[in-house]
1. Residue under question is B:T49, and the condition is that it be among the β-branched types (V, I, T) and at the interface with chain A (Cβ under 8 Å from one of its Cβ atoms); does it hold?
2. Which of the residues that make up region A:208-248 are more than 8 Å from every other protein chain (Cβ to nearest Cβ) and touching a Ser or Thr at 6+ places or on another chain (Cβ under 6 Å)?
3. Return the pair list, or none, for Cβ contacts closer than 6 Å from residues in region B:173-197 that are more than 8 Å from chain A (Cβ to nearest Cβ) to residues that are surrounded by fewer than 24 Cβ atoms within 10 Å (Cβ to Cβ) and at pLDDT below 75, at least 6 apart or on different chains.
4. Of the residues that make up region B:319-327, is at least one among the acidic types (D, E) and surrounded by fewer than 17 Cβ atoms within 10 Å (Cβ to Cβ)?
5. Give region B:1-28 a look and list any residue that's in contact with a strand residue (DSSP E or B) (Cβ under 9 Å, 6 or more places away or on another chain), facing another protein chain (nearest Cβ under 9 Å) and in contact (Cβ under 8 Å) with a residue 12 or more places away in the chain, or say none.
6. Looking only at strands (runs of 3 or more DSSP E) that lie completely in region B:189-303, which have at least 2 residues being of a type in the set (A, V, I, L, M, F, W, C) and more than 27 Å from B:K104 (Cα to Cα)?
7. Restricting to region A:60-84, give me the number of residues that are more than 20 Å from A:L146 (Cβ to Cβ) and in a helix (DSSP H, G or I).
8. Consider region B:328-342. How many of its residues are aliphatic (A, V, I, L, M), surrounded by fewer than 20 Cβ atoms within 10 Å (Cβ to Cβ) and in contact (Cβ under 8 Å) with a residue 40 or more places away in the chain?
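The values are calculated or read from the model by the stated rules, or taken from the named source; none is laboratory data. Every value quoted in this text rests on a predicted model; they were computed, and no experiment measured them. Note that we place each Cβ from the backbone using ideal geometry, even for glycine, and neighbour counts take in every protein chain shown.
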Amino acid sequence: MSRYSRQTQLKDFGPEGQQRLSEGKILVVGLGGLGLPALQYLNAMGVGTLGLMDQDVIELHNLQRQVLYTEQDLGRQKLEVVHEKLTAQNSNTHFKLYDTFLTKDNALEIINEYDLVIDATDNFPTRYLINDACVLLKKPFVYGALHSFEGHVSVFNYQNGPTYRCLYPNMPSVEEVPNCSENGVLGVIPGIIGTFQALEAIKILTGIGEVLSGKLLLFDGLSQSSTKIGFKLNPENLKLTRLQDFYEPLDCEVVPAISAADFQLVLDSKTDITLLDVRTEAEFNDRNLKEAINVPLDRLELASKHINAADKVYVLCQSGKRSEVAVKQLQIQYPNIEFFNVLGGMNQITALCP
Amino acid sequence: MSRYSRQTQLKDFGPEGQQRLSEGKILVVGLGGLGLPALQYLNAMGVGTLGLMDQDVIELHNLQRQVLYTEQDLGRQKLEVVHEKLTAQNSNTHFKLYDTFLTKDNALEIINEYDLVIDATDNFPTRYLINDACVLLKKPFVYGALHSFEGHVSVFNYQNGPTYRCLYPNMPSVEEVPNCSENGVLGVIPGIIGTFQALEAIKILTGIGEVLSGKLLLFDGLSQSSTKIGFKLNPENLKLTRLQDFYEPLDCEVVPAISAADFQLVLDSKTDITLLDVRTEAEFNDRNLKEAINVPLDRLELASKHINAADKVYVLCQSGKRSEVAVKQLQIQYPNIEFFNVLGGMNQITALCP
Amino acid sequence: MTILLFGITKDIVGAPTLSVPTSSITGKKIPKTVKELRTFLGNTYPELNKLSSLAVAVNNNYAEDDQIINSYDEIALIPPVSGG
Amino acid sequence: MTILLFGITKDIVGAPTLSVPTSSITGKKIPKTVKELRTFLGNTYPELNKLSSLAVAVNNNYAEDDQIINSYDEIALIPPVSGG
């Protein structure tokens, strides 16, 4: 009995279906709640090439729904862990790893190598970027999104069908719809929506069944009911000629943070604080706050001698991005110390006190 | 941020929902296509006690849909592997392991310890046994079943609601509906149906939403559509007073086999054959075929000196059951030799040639 | 009358749905109840007769054999399925 | 007129569905188009006004603002959702 016999014996799938899977190339953007169940099944079923993209590390509150991760994996790179586990599951699969966020600078080049994209991200900017890149490259993408007990699924840009912008022409502002973890989700819902996404991807690759194009599936877990909403192509949305200048990719892992303005108040209060500046030595020397200790991000181990006595540590960089990464790593190493990322970093502080 | 914060922050779930999960006890019968995705999510979400029941070992053709298993796990006990992986995923869960099939002799005692049962089996006898035991014990059970691109889900016997027998009063015969692996299944379908089962189990434990009782959900993957069929309780089906005498549990892992009649032809052809009899020495001495070599099941390592030169080996016991287990183990150890289980064993051979 | 097919009935018929004539110019008897529908289908697809526990739903509800059906009803054949 | 709510509209209203009167004894204006419905709902639940990209479906199809609605239509509010 062969590895895939249970599906190759299906009349409407057969060895032809298996062959198409083995030639298929799927990019999965996001290794979280949606990406993991989708990948587990795509890999089990024998999709030939899987692209994996994520930059986050595994945190405790991921484990409630991100089922590929174990307690021992806490603090490790998602990308590395997923690659390890999927390789053990199916050594025939060819994996490509992208230790990056999807950005307007890399999206076209990366997506171009694949037959389709699974959108398993958790933020609007990346969803719009995937949409626009897929429209430009004429690739379908399988959309999945979650809200509490609810999930949405559709296949956009399939054979010149409707796109994400045909449903939602413009990106909602941060104020209007919660992003990322601001809204919770029942742990099992991403399992359902992620496997729905895998199913649609399989249908696109093999040509079996009816692809969920021009239809938005709304799944409600509380009532265990599915509603399909039909929608049409707005041809304007296929007329993109290039990506937007700006999609402001968001990292949705929440890191304890303090606004630059509030941080200014802390500074002004003249109490003793522990402040790490994780920029490079050159940047630090160029301009810095007198309370700051320079611990460059790539030498974070030097932090130990400065923070061991503290119970509260502020972390700063130029824009707030590197300091966020630093806070994540420090949180894992020093679980008893509270770390705060200074939002907007030196840029924002300079703006406040030019 | 706590481990379960993404779901405890949901207004309709909250810390109360989490508390109920942590006190919940769920028995999952069958660690295959349905059981694994259900367990991954129940365990991730923090269900306190999970009972695991299966006697099979992991085989290559399982990997197409049984996503918890890796290539390195081939030949190992499913029970052991699942326990290992789920413990790594959530060390707070209390696991109970049942290295047995569910039988009329153990069903009531085992199920009585749980709040509900997830029916993740692959055969009718066990489904009817679960139904009847749950009716006797007044426990709900979450049903899931698969066919090709399709899956069925319902919650039976929930708060005196309809039972499995209200839909299908009597067990279909083996001839009428294919059992187990005779029918294929697209790899991702069990992922969808198993997560549906986990969702219903969570709803039963926590009281959120509307439980799928009195409704049969029919999911069709090809059209990505769900239909719900309503059905009523037939009060007769709650009047069971005891289990049936016989449910003939089936092991659905397919093992290459030969009917006793065909095997008789092989014997009559007088060609040299290699035949292992895996009964005990006492049984063997009592009565045996002159071609047979006695290698008791618990000393299977003795087989090596008899089969190394053979390319085809027949395996025999009293009823065909132990020889099936032996074939499974031997297949893994000697991948280049073809093994055949003699169906019905000595009982059947004696019936043919009394 | 369109009939949705599930499980092995889909394999027996070889399609996900089945059309049953609701007025007969051939003089063939038109099924008026679930029981008659079972007989009608069994004549066309003898393999369906083997299914001793085939559930029939009319308008998304489980139906007994004596239930009356007519042309605008939505009917489904739902045999037990066993895979897991 | 019953309105199914999805995503954050469910949280804003605090229920999975919403009833809109189809004849008014209070003299309140009854919405006749999708656009009027948006205004009507925005008056009752001001937070809905924030949703710049709220899709509305009538009878399971995406509807433009000028589409006419009436009492037996099935309406759904579908904001974008972002979680993953």
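1. Details: among the β-branched types (V, I, T): yes; at the interface with chain A (Cβ under 8 Å from one of its Cβ atoms): no.
Spelling it out, it is not the case that B:T49 is among the β-branched types (V, I, T) and at the interface with chain A (Cβ under 8 Å from one of its Cβ atoms).
2. Those that are more than 8 Å from every other protein chain (Cβ to nearest Cβ) and touching a Ser or Thr at 6+ places or on another chain (Cβ under 6 Å): A:F219, A:N237.
3. Pairs that qualify, where the first residue is more than 8 Å from chain A (Cβ to nearest Cβ) and the partner is surrounded by fewer than 24 Cβ atoms within 10 Å (Cβ to Cβ) and at pLDDT below 75, are B:C180/B:C252.
4. First, pick out the residues of region B:319-327 that are among the acidic types (D, E): B:324.
Now narrow it down to the ones that are surrounded by fewer than 17 Cβ atoms within 10 Å (Cβ to Cβ): none.
No, there is no match, as no residue in region B:319-327 is among the acidic types (D, E) and surrounded by fewer than 17 Cβ atoms within 10 Å (Cβ to Cβ).
5. Across region B:1-28, the qualifying residues are B:Q7, B:D12, B:F13.
6. On the way: elements: B:215-220, B:225-230, B:274-277, B:292-294.
Here the list reads B:215-220, B:274-277, B:292-294.
7. Pass one, region A:60-84, residues more than 20 Å from A:L146 (Cβ to Cβ): A:70-77, A:79-81, A:83-84.
Restricting the remaining residues to those that are in a helix (DSSP H, G or I) gives A:71-73, A:79-81, A:83-84.
Residues that pass the stated criteria total 8.
8. So the first thing to find is which residues in region B:328-342 are aliphatic (A, V, I, L, M), and the list is B:330, B:332, B:337, B:342.
If we keep only those that are surrounded by fewer than 20 Cβ atoms within 10 Å (Cβ to Cβ) as well, we get B:332, B:337.
Next cut, in contact (Cβ under 8 Å) with a residue 40 or more places away in the chain only: B:332.
Count: 1.
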